[in-house]
Structures are given as structure tokens and as C-alpha cells.
Amino acid sequence: MESCNCVEPQWPADELLMKYQYLSDFFIALAYFSIPLELIYFVKKSAVFPYRWVLVQFGAFIVLCGATHLINLWTFAIHSRTVAYVMTIAKVLTAAVSCITALMLVHIIPDLLSVKTRELFLKNKAAELDREMGLIRTQEETGRHVRMLTHEIRSTLDRHTILKTTLIELGRTLGLEECALWMPTRSGLELQLSYTLRQQQNPVGYTVPIHLPVINRVFSSNRALKISPNSPVARIRPLAGKYIPGEVVAVRVPLLHLSNFQINDWPELSTKRYALMVLMLPSDSARQWHVHELELVEVVADQVAVALSHAAILEESMRARDLLMEQNVALDLARREAETAIRARNDFLAVMNHEMRTPMHAIIALSSLLQETELTPEQRLMVETIMKSSNLLATLINDVLDLSRLEDGSFQLNIATFNLHAVFREVLNLIKPVASVKKLLITLNLAPDLPEYAVGDEKRLMQVILNVVGNAVKFSKEGGISITAFVAKAEYLREARTPEFLPLPSDNHFYLRVQVRDSGSGINPQDIPKLFTKFAHNQSLATRNSGGSGLGLAICKRFVSLMDGHIWIESEGIGKGCTATFIVRLGIPEKLNESKFPVLPRGSSNHVLANFSGLKVLVMDDNGVGRAATKGLLLHLGCDVTTVSSGDELLHAVSQEHKVVLMDICTPGIDSYEVAVQIHRLYSQHHERPLLVAITGSTDKVTKENCMRVGMDGVIQKPVSLDKMRNVLSELLECGHQMSSLARV
């Protein structure tokens, strides 16, 4: 072994100290070598450590320091120069790594400090986030309570249940000692305690002035406000014992449609008012109101207002429904009573019609027979007066029946094709004899473009024309009457005086305009609107004694309305005459076949078969007077008449020798319709069967249809005069001869 050139120490080494240094260097080296292993393990397990290269430097520094101490173990004894070189190199490397590490620490210390600051910032953010999460949880909790309370409040639409449920649920949710509701009184000057959470301990009913400062402050805000526990509206808890009052808040509750919330002494007002809700925390507690609890109270107050408004709407709709049901019941009862009254009236009119026409038949028949005898002038005047009065009474009966059917809606027009020109000519023929007596000139002007044939109700159109022209004759003493008929052009349909008339032009229809002008007594313009009402009379002196039932124009107006037309009267005043005008809607017939629509002049057939000598006629009538009157008419015409009083007698008496059978269809016993059916069975051939004619006092369409249905050949409506019987027999026999000729062919 080579000798060491080391400088010898000045004192000899102590063996014990050397041993301690030796052991210390060994453990220092061991610790230094273990620390890098731990750092390597830490870096390997850590995924977020940002300074790995610094740890590498620290590891190298520690390893070198440990190597220095480890090498130093060989320096305690005699050692070679190689050990000295290794020791020197280790210390140089350790010094270099130490300086580099120290410089790196100077560089990374600010970064480490910023990491600390960021850590504090993140901690603050985390704390703030925790507070926000707590607020969110609080809001969610508040929302849950609001939903729960809203569900409970809106589970009913009874206002009392709504208010009571609100107090109970608020008390349970917020842990309240007391909750109360103050409602405004009828005068609106006070608040009355109406509901409390603990009704037994705090009876309701007492009041406080509404203009207290604390109440005004709450009513002027839409937020829940804290109020003094000593406030008059907060003194609703038991006063026994000593306690520290809890915090009290109050909130307003809008009352919408306050008139619908009548409790005790609530006001009946439509203006916007408020109720007051007072909520108290438990006494002797340090609990305070939180913001989210106040928000909950505010939301609940709004929900109560909405629920009350819904309850008000429901109550209003229920009242309206009940009122409507009562009205419907009353209307239904009135309708049934009206229908019963209409049926009773119609039944009465039907009975009275038959009962009145039966004696009228006897009066007119016997009077017409009396006119055929030798009479003195005075007697003839009396008979003519009887005839005129009887005809007037018959017209009145017809008018009443027509008006009755028009008013109850049972009247229907009989639409058919007819000769329009013939209608005007017949009206002229009927009116001329009456006008000639008063020396009145009547002129008829038919426009060249007026269709000869039309589709409509011939009888009712003639009735309207006769009534209007008859009034002109009745109220005229001198002068003349002009009748003008033409097709109304489009420019004449809409008149300023008739704005309610709305014509509907069509290719299949035309509007007939008839104008009747007279030079009579005239009408006061103020009385014109009254003329078309029932039982209306012109009250002028010139016309007061003119007679009439006052139904004619009223019926004409309804007939014209059924024909989609309009009627009006014009007059410049008393003594200046008047003009009656009406427009009706008539149909245009399809291509006409002349053989289909023969025109037989009425009244002309009485000259064809004026003598009915030997004509065998069988008459059935249960009324002795009516039977005698009909027999008298037929005997006067030369007929051979047999009379019976029932259907059974008629079936036994009828034979092929009888040419005509006159039957009163209201005869008791066998139904008259059944009698007609059996006669058809007895005589299968038409030329062998007698002509069946019904005599009836009924004017309805159903009776005539029933007569035609059972095969009757004609219908005569009572009363029957001599001329009417003559014309009917002539037409029947003429038609019967034609049918017999066709049957033989």
C-alpha cells in the first residue's frame, strides 16, 4: 500500500470520537440514499406535481452528499491517494449540484408562492360556491314549500277552505306560533280578524282601524315587512304568562272582485282592496326571519290572491249557471204553457169554427132561398142586410182562423201554378158590383211584361188583393180606384221607406208589385203604422163608421211576409186619398202545357147546367137545421133529395140512382172517411159510383187532404149559399161527365 501524503493532525485522534463520526457518516449516507428513493416513489405516484426536474436536482444533490459522507468513512484511517481523489471529485460535484439547486430555488420560489396564492383563491371560490349551493338548496327548498302550499291551496275552489288551508300550511311549513288573516269590513274603514291558526285560543271578530300607519306601510308595499310585535294587528296571541315575543311579519293579500267574498261583514265593493296576513315566529326563541322565508310568504300571498280570484270566477259561473237553469226552467214552463194555450186555443177555434159555421150555413142558405121568393122592397132590404151581415161574420171567422194559424206557425202556403191575369180579372169582377153601387170607377192596368202564369198561393194572393181593393172601395165615396200590376225592377225593390225589406233576385222568381190608388177619405200619416196591427181602426171621422174587424190588413201583412214580400200604405192626410202597395215573390213556372192548366171562368158554369131537375142527391148531416138548409138549396135547384142523419143510414140508402152524395164529415157514428171508403168498395167502377162531396166547417189543409185521400170528389166549405151550391154542382157534374167519358173510352 502506498503511503499517504496527508498532513498529520496536531493531536492524536480519540478512538471513541472516531467511532461516533464513523457511525454518523454511515447513517447520514444511508439517509441520503433513502431520500431519493422516496422522492422517486412520490414522483411516480403523483400525476400533478409540476416540478419534476427540481426533484431530480434535489436527488442528485442528496446522492452526492450521501456519497461524500460514505467516502468519508475511508478517511478515518490511513488511506491512499485514490481515496483522496475520489473524495475531492465527490465534493466538487456536490458543490456544483448544490449551487445549481440553490439557483433553481431562487427561480421557482415565486412560482411556488403563486401556487399558494392560487390555492387560496381556489379556496375562496370553493367557499363562495358552497354558499351559492346553499342558496340554491334553500331556493329549492323554498320552491318545494311553495309548490306544496300552492297544491294545498288550489286543491279546492271554496274561498273559506282556501284561506284556512293557507294558514295551516304556512304554520306547519314555517313553524309559526300564530298566523292570522284580517279582512276589510263593509264600510272599508276597518280590518276584521276573520281567520286565525288557533281559532280556539284567538276568537275572530274584533276590528282595528284600517288607516293605522303600520297597515298603510304594509298595504303600500308588495313585500313581506317586519312589524312590531306590539302592533295592534300582532296582538293575537294569549296574554297569559311572560314571554319574549318572536319576530312578526305582515304581507298584503289582494282581493280581486271583492263583492264575491262576503264573509261576516265583508264589503260589497268592486274597487281593489287588500287583506292583511300576519305571521309570528315562536316566542322565547332567538329565531329570526330569513330572506327565503319572506320570499315564501310573498309568493304564497300572491297564490292566495290568484286562488281567490279563481274561486270568485267559479262562484260567478255557478251563480250564472244556476240563474240560467232557473231561466231555462221558467222558459220551458212558459213554453209548455204557451203550447198548451195554443193547443187549447186551436181546439177551441176548431170547435167554434164548426159550431159557428153550422148555423151560419143555415142562415145564409135560407136567406139565399128567401131572396128567390117574391118579397116587398122592405123585405128584400132586410134579407140583403141579413146576407151582408152573414157574409161579414163568415169573413170574420175566416180572418180569426187565418190569424191564429199565422201566429202559431202552422199556416202554410199552398204553392201551385195558376193564371195570374185571371186572378186580377176575377178580383175586378167581384169588386165591380160593389163599386157600381157607390158609382166608383175601377180601372185595372196589367203591364205587358207581367207573366200570365206564376207559381204561388193563388187563394192567398187573391185574398190580399181583394182586401186591399175592398178597403179602397169601402173608404171611397166618390172618384175612382186604379189597380196597377207590374214586375218590379231591381231599382224599385229597395225603397227608402222599407229598409227592412231585403229582396233576393233569382232567375226562377220575379217580384210582383201591385199598387192600389183611391180618392177616398185618406189617412192621418200618424195612424199609418197602426193599420197593420190586430184590431186596428182608422179613427178619423170620415171612416169611423165604415165597419170592419180590424184584422184584414194585419192578415195581409202576414200573408205578404210569407210570400217574401212587403206591404205599405201612403197618404198625404185626411181627404186626400191613399195608395196601398205591396210586393210579393212569385215563381216562374216551367214550360207550360195548356192541357195541364185549364182555365175555367168561375161563375160561368152556372149557365151550363142551371137546371138540375131530377138529379138524385143523397145528403148526410147530423144537424137537423143544417140538413134542412142543404135540402132546401138542392130542392130549389130541382134536385130529388134524400136526407139521412148518420153514416149507417147513408150506407143503407145509397144506390146507383144517386148521382151525388153530400156528407158532413163531422157526423157521429161511423167515420165519414170510412163511409167514403166503403162506398168505393161497393162501386168498383167509377161511372157507377156517385160523386162524393164533403161539407165541412173546417178550413185547414189536413181536412181537405184527408178527403182527397179517401177518394172524395170535392169539398164544400160552410156556409153554402144558393149560388155557391149551383156552381159547385155544375163543376162537379161537368168533371164527372168528363171522367165517365174517359172511363168508357
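General observations
- Of 700, 402, 564, the order by accessible heavy-atom surface (1.4 Å probe, DNA, RNA and ligands excluded), from most exposed downward, is 564, 700, 402.
- Surrounding net charge for residue 328, when Lys and Arg each add one and Asp and Glu each subtract one, Cβ distance under 11 Å: -1
- Net +/- balance of residues flanking residue 511 in space, Cβ distance below 10 Å, scoring K and R +1, D and E -1: +2
- Applying a threshold of 21 Å to the alpha-carbon distances of 438/474; 432/704; 439/459; 432/718; 459/701; 432/631 flags 432/704; 439/459; 432/718; 432/631 as lying beyond it.
- Solvent-accessible area of residue 569 with every protein chain in place, 1.4 Å probe, in Å² to the nearest 10: 20 Å²
- Ordering 636, 652 by accessible surface, largest first, gives 652, 636; the 1.4 Å probe counts only protein heavy atoms, with every chain in place.
- If you take all other residues with their beta carbon under 15 Å from the beta carbon of residue 439, and give Lys and Arg +1 and Asp and Glu -1, the sum is +2.
- In this structure residue 530 has an accessible area near 120 Å², from a 1.4 Å probe over the protein heavy atoms.
- The charge dipole of the range 379-480, taken about the Cα centre with unit charges on the Cβ atoms of Lys, Arg (+1) and Asp, Glu (-1), comes to about 600 debye, rounded to the nearest 20.
- Cα shape, the range 629-735, gyration tensor, a/c 1.5 rule: rounded
- Counting only aspartates and glutamates at least 8 places from residue 91 when in the same chain, those with an alpha carbon closer than 17 Å to its own are 25.
- In terms of accessible area, using a 1.4 Å probe and ignoring ligands and nucleic acids, 462, 663 rank largest first as 462, 663.
- The range 335-466: C-alpha gyration tensor shape, a/c 1.5 cut-off, then a/b vs b/c: oblate
- Peptides 123-131, 442-450, ordered by how many other C-beta atoms sit within 10 Å of their residues on average, highest first, read 442-450, 123-131.
- Under 5 Å, built H, 5+ apart or other chain: amide partners of residue 697: 718
- Of the whole protein surface, residue 708 contributes about 100 Å² of accessible area at a 1.4 Å probe radius.
- The range 407-459: C-alpha gyration tensor shape, a/c 1.5 cut-off, then a/b vs b/c: oblate
The values are calculated or read from the model by the stated rules, or taken from the named source; none is laboratory data. Model, not experiment: these values are computed from the prediction. Ideal geometry is used to build each Cβ from the backbone, glycine not excepted, and the neighbour counts take in all protein chains shown. What goes into the accessible areas is simple: the full protein's heavy atoms, side chains included, and nothing from ligands, DNA or RNA. Shrake-Rupley method; radii C 1.70, N 1.55, O 1.52, S 1.80 Å.
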